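Asks: One structure coming up, written as structure tokens, with questions to follow.
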Amino acid sequence: MPIRLGILGMWHVHTAGLVAQIAKYPDEFQLIGGFDPEPQVVLQRQQAWKTLQPQFVWHASAEDLLHEKLDGVIVEGRVHENLKWAAMAIDSGRPVLLEKPAGDRFQPFKMLLESAHQKHLHVQMIYLFRYMSAVQELLARVKRGELGQIYEFRGRLPKDLSSYDEYVRELSGYPGGIFFEMAGHLVDLIVATMGKPVAISPFLAHHHTVCDPAATRQFVDNGVAVFTQQQGWGIIEVPALEVAPLSRRIEVYGTEGACVIPHLGSGHLGNRQIQPIDIFRRGQADWERIELPAATLQISDLREFAAVITGKKSPDFTPEHDLIVHEALLRASGMWE
């Protein structure tokens, strides 16, 4: 019996990929219907999904959707609206698959997780890099203790300069700008590999020299944050000025070895069939490169969600982890209340 899913909010760029994966595996998932308050978003999705999801019901309100028989709700709207949709789903008794980041404030997310806990419902964050092949390999080696004491995590997640105007249009309402939009992927992994930060020092700036309106000049387009950990440093870099290809990377260094993912790829765009990871262990003569088949993105998030809500496993990432990540992201983005 496939898991019956509804979707609240369809604006996010990851939405299309999730819907495509649901359509590809009809024995596992069934997308019943959805709601988005923006007519233009609805029109775009209707045109894109008319053959992909011909049975999809376009509801006039979130309440209408939640009257359907659903096993879970995916939330893919605008960041500042998503916790409202998620809370409605939890109040209706449905577990939630929630797009990152977890809203633009801390307390509403904490309240959502508390409500879900009281109702024995699962809330799962969609951080797509979690299930990339090289990231899974990295996390497995960290868990086994192969790197020893990790003393440095460095991650770089740039966005293309060619799409700069779109970033300004969509993200200027958030004080953290492009950093807030992207850094959560890496905060998630710093917490997974090094634990809760002791302190966070953000360095957020506007560095693009070609811009006209005053509002654009306030946009954070180049952000760096340093995370003080118990026994090391975490460093995250997110510029919106990138022209060099294949420049997203993660480096993790420990007293027994190191792992470097030389290019992360992209969560929703085309990815190479092979994802490399470079490994060094103390005593080796040189680095070793392992080439892993690139995992199909988003299906792992869906299968993790299905397995947890049907009681087949515990979550890979706990609510406590997600709460630490969201607090750290807001502090690093200059958005802590």
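The values are calculated or read from the model by the stated rules, or taken from the named source; none is laboratory data. This one's a predicted model, so the numbers in the text were calculated from it and none came from an experiment. All Cβ positions, even for glycine, are placed from backbone atoms using ideal geometry, and neighbour counts span all protein chains on display.
Asks: Quick one: Met10 ticks every box in (1) on the phi > 0 side of the Ramachandran plot; (2) touching a Lys or Arg at 6+ places or on another chain (Cβ under 6 Å) bar one, so which box is it?
Replies: (1)
Asks: Consider Pro26 carefully, then state whether it is out of contact with any Gly (no Cβ under 6 Å at 6 or more places or on another chain), closer than 19 Å to Leu70 by Cα, touching a residue at least 12 places away in the same chain (Cβ under 8 Å) and not hydrophobic (A, V, I, L, M, F, W, C).
Replies: Against the criterion (out of contact with any Gly (no Cβ under 6 Å at 6 or more places or on another chain), closer than 19 Å to Leu70 by Cα, touching a residue at least 12 places away in the same chain (Cβ under 8 Å) and not hydrophobic (A, V, I, L, M, F, W, C)), Pro26 qualifies.
Asks: For the condition closer than 30 Å to Trp336 by Cα, touching a residue at least 40 places away in the same chain (Cβ under 8 Å), among the hydrophobic types (A, V, I, L, M, F, W, C) and in contact with a Leu (Cβ under 6 Å, 6 or more places away or on another chain), what is the one hit in Met125, Met88?
Replies: Met125
Asks: Among the residues of region 237-255, which ones are modelled with pLDDT of 95 or more and surrounded by fewer than 16 Cβ atoms within 10 Å (Cβ to Cβ)?
Replies: Within region 237-255, Leu241, Thr255 meet the criteria.
Asks: Would you confirm whether or not region 98-105 contains a residue that is closer than 26 Å to Phe180 by Cβ, without any contact (Cβ under 8 Å) to a residue 24 or more places away in the chain and of a type in the set (Lys, Arg)?
Replies: Checked region 98-105: no residue is closer than 26 Å to Phe180 by Cβ, without any contact (Cβ under 8 Å) to a residue 24 or more places away in the chain and of a type in the set (Lys, Arg).
Asks: Scanning for something at pLDDT below 95, among the hydrophobic types (A, V, I, L, M, F, W, C) and either within 18 Å of the chain's Cα centre (by Cα) or surrounded by 19 or more Cβ atoms within 10 Å (Cβ to Cβ) (or both), does region 266-274 turn up at least one residue?
Replies: Yes; the residues of region 266-274 include at least one that is at pLDDT below 95, among the hydrophobic types (A, V, I, L, M, F, W, C) and either within 18 Å of the chain's Cα centre (by Cα) or surrounded by 19 or more Cβ atoms within 10 Å (Cβ to Cβ) (or both).
Asks: In addition: Kindly check whether there is at least one residue in region 161-168 that is free of Cβ contacts under 8 Å to residues at least 40 places away in the same chain, outside any strand (DSSP E or B) and touching a Lys or Arg at 6+ places or on another chain (Cβ under 9 Å).
Replies: The answer is no; no qualifying residue exists.
Asks: Here is a further query. Could you say whether any residue in region 222-235 is in the same structural domain as Pro158 (by TED's automatic domain parsing), assigned to a strand (DSSP E or B), under 18 Å from Ile178 (Cβ atoms) and touching a Lys or Arg at 6+ places or on another chain (Cβ under 8 Å)?
Replies: yes
Asks: Being closer than 19 Å to Glu327 by Cβ and among the basic types (Lys, Arg) is true for just one of Lys143, Lys100. Which residue is that?
Replies: Lys100
Asks: Against the conditions (1) surrounded by fewer than 21 Cβ atoms within 10 Å (Cβ to Cβ); (2) within 22 Å of the chain's Cα centre (by Cα); (3) outside any loop (DSSP other than H, G, I, E, B); (4) in contact (Cβ under 8 Å) with a residue 24 or more places away in the chain, where does Thr216 fall short? Just the number, please.
Replies: Failed condition: (2).
Asks: Would you pick out the residues in region 128-160 that are among the hydrophobic types (A, V, I, L, M, F, W, C) and in contact (Cβ under 8 Å) with a residue 12 or more places away in the chain?
Replies: Leu128, Phe129, Met132, Ala134, Val135, Leu138, Leu139, Val142, Leu147, Ile150, Phe153, Leu157
Asks: Still on this structure: Quick one: Arg331 ticks every box in (1) surrounded by fewer than 18 Cβ atoms within 10 Å (Cβ to Cβ); (2) of a type in the set (D, E, K, R); (3) within 20 Å of Ala102 (Cβ to Cβ) bar one, so which box is it?
Replies: All conditions pass for Arg331, except number (1).
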